[in-house]
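What follows is calculated from the coordinates using simple rules that are stated; it is not laboratory data. Keep in mind that what you see is a predicted model, and the values were worked out from it rather than measured. Using ideal geometry, Cβ is built from the backbone for each residue, glycine included, and neighbour counts are taken over all protein chains shown.
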Amino acid sequence: MIRRIAIIGLGTMGPGMAARLARGGLQVVAYDVAPAAIERARSMLSVAETVLDALAIAPPPAGVGTVRFTDDLGDAVSGADLIIENVPENISVKGDVYRAIDGLIASDTIVASDTSGIPITKLQEHISHPERMVGMHWSNPPHIIPMIEVIAGETTAPQTVATIRDLIRSIGLLPVVVKKDVPGFVENRVLYALLREAVDLVERGVIDPEDLDTCVSWGIGYKIAVIGPMALLDMAGLDIYKSVSSFLNADLSNRDDVAPMVLEKTNASKFGIKSGEGMFSYTPEQTKALQGERARKLVAVRRILEGRE
Ligand SMILES: NC(=O)C1=CN([C@@H]2O[C@H](COP(=O)(O)OP(=O)(O)OC[C@H]3O[C@@H](n4cnc5c(N)ncnc54)[C@H](O)[C@@H]3O)[C@@H](O)[C@H]2O)C=CC1
Ligand SMILES: Cc1ncc(C(=O)O)c(C(=O)O)c1O
């Protein structure tokens, strides 16, 4: 039974995750190596709670469902039933965390990684009880998006997968168990196929970035929230898909490196919202307004998709 959860890493994903788990009645202890990240996470928590209220996710009974922050790793993981590792997408950084907690936790404490796509089998090499390690891949923003992928590595115990799947379900979220430990799992394989083509089209001057977003959001995106890709094939007709894919697949981007446009921007520290410039530019005021507007729209769409409006 999972009651107490330690979250390690409070960057983009950690605060929303902490808020959503606490709303599910769990006792969360949140840790980051950087004091500034802890301070930022504290303020993000109340923002996420407001969004959870708008989603009408009922608060737990008084006394349960708490978030406590700590700057002490031992304090964070002590007595935890589940640890969610949420540090940068880098095997060596993640491996250091697993080694640091190895001696501090019980042998049956589950260690889940929110990795975007590093195979869980690779992460298991850095932990002494690999049967208790599992992928638990949330989607950003984690307090709003209900789907979470659950991935077993080669040596993950089936019971570990079942425990995480049941935990996700028990707090009203949507677990999807991925059957093979492929890089990127399922969500990011599909997303990165789309992003590779989108970046390529902009880079080759086929379309401007703003128009690319209009085309995808109001064409595919709006539709795909209601009709998933497999159902869409049936709606369009497999005969149409066969004809179009027979000439189009060979023309789609198949680059296997990072696109020059992305390298150019990241080399200039243009990372997107977090640095004020990426594909587009953002002032702090614009960022705040954008985040509020996006949360409002995602909440409204989710309520409709769930049949609550
Ligand atoms: N950003 C996104 O949209 C998504 C990211 N992920 C995955 O979640 C993980 C975290 O991603 P983000 O939150 O975006 O990263 P981030 O870079 O925003 O935050 C990482 C946090 O980890 C902290 N950290 C670094 N080393 C640490 C250590 N040894 N101990 C404790 N804290 C440490 C940093 O101070 C930072 O606050 C990555 O594996 C990423 O691929 C998963 C889903 C979506
Ligand atoms: C660009 C990008 N990369 C990874 C992820 C993830 O799910 O790991 C996301 C996301 O939206 O969650 C993303 O947008």
For E309, what charge total do you get from the other residues with a beta carbon under 11 Å from its beta carbon, if Lys and Arg give +1 and Asp and Glu give -1?
+2
Once you charge only the Cβ atoms, +1 for Lys and Arg and -1 for Asp and Glu, what is the size of the charge dipole of segment 187-305 about its Cα centre, to the nearest 20 debye?
620 debye
Between the helical axis of 284-305 and the dominant principal axis of the chain, each derived from Cα atoms, what acute angle in degrees is found, rounded to the nearest 10?
90 degrees
Can you give me the C-alpha center-to-center distance between segment 93-156 and segment 1-60, rounded to a whole angstrom?
18 Å
Mean Cβ count within 10 Å, highest first, over the residues of peptides 295-304, 32-41:
32-41, 295-304
I want to make sure I understand the PRE zone here: with the label point 7 angstrom from the Cα of V176 toward its beta carbon, which residues in segment 96-140 have backbone N atoms less than 15 Å away?
116-117, 136-140
For the pair S78 and E197, the simple spin-label estimate (label points 7 Å beyond Cα toward Cβ) gives in nm 5.3 nm
Please give the contour-minus-distance gain from N140 to E125: 0.36 nm per residue of separation, less the Cα-Cα distance, rounded to one decimal in nm.
2.7 nm
To the nearest 500 deg cm²/dmol, what mean residue ellipticity at 222 nm is calculated for the chain from DSSP H runs of n ≥ 4 alone, each contributing -39,500 (n - 2.57), summed and divided by the residues?
-13500 deg cm²/dmol
On alpha carbon coordinates alone, what is the Rg over Rh value for the chain, Rh being the Kirkwood radius?
0.97
Model label zone, E264; criterion: amide N under 19 Å from point 7 Å along Cα-to-beta-carbon; scope segment 279-309
279-282
Taking the Cα centre of segment 4-178 as origin, sum charge times position over the Cβ atoms of Lys and Arg (+1) and Asp and Glu (-1), and report the length of that vector in debye to the nearest 20.
360 debye
Between M235 and R204, what length in nm is gained on full extension when 0.36 nm per residue of separation is reduced by their alpha carbon distance?
8.1 nm
Zone of A106's modelled label, taken as backbone nitrogen in segment 1-23 under 12 Å from a point 7 Å along Cα→Cβ:
1-4
log10 I(q)/I(0) for segment 187-305, Debye formula on C-alpha points only (no solvent), q = 0.23 Å⁻¹, two decimals, reads -1.50
Provide the descending list of Cα extents for segment 4-178 along its principal axes, expressed in whole angstroms.
41, 33, 27
Hand me the tally of lysine pairs in segment 187-305: alpha carbons under 23 angstrom apart, and the pair either on different chains or 8 or more positions apart.
8
Between R169 and D213, what FRET efficiency comes out of the Förster formula 1/(1 + (r/R0)^6) with R0 = 41 Å and r the beta carbon distance, rounded to 0.05?
0.75
The FRET efficiency for A58 and R189, from their Cβ-Cβ distance with R0 = 30 Å and rounded to 0.05, is 0.30
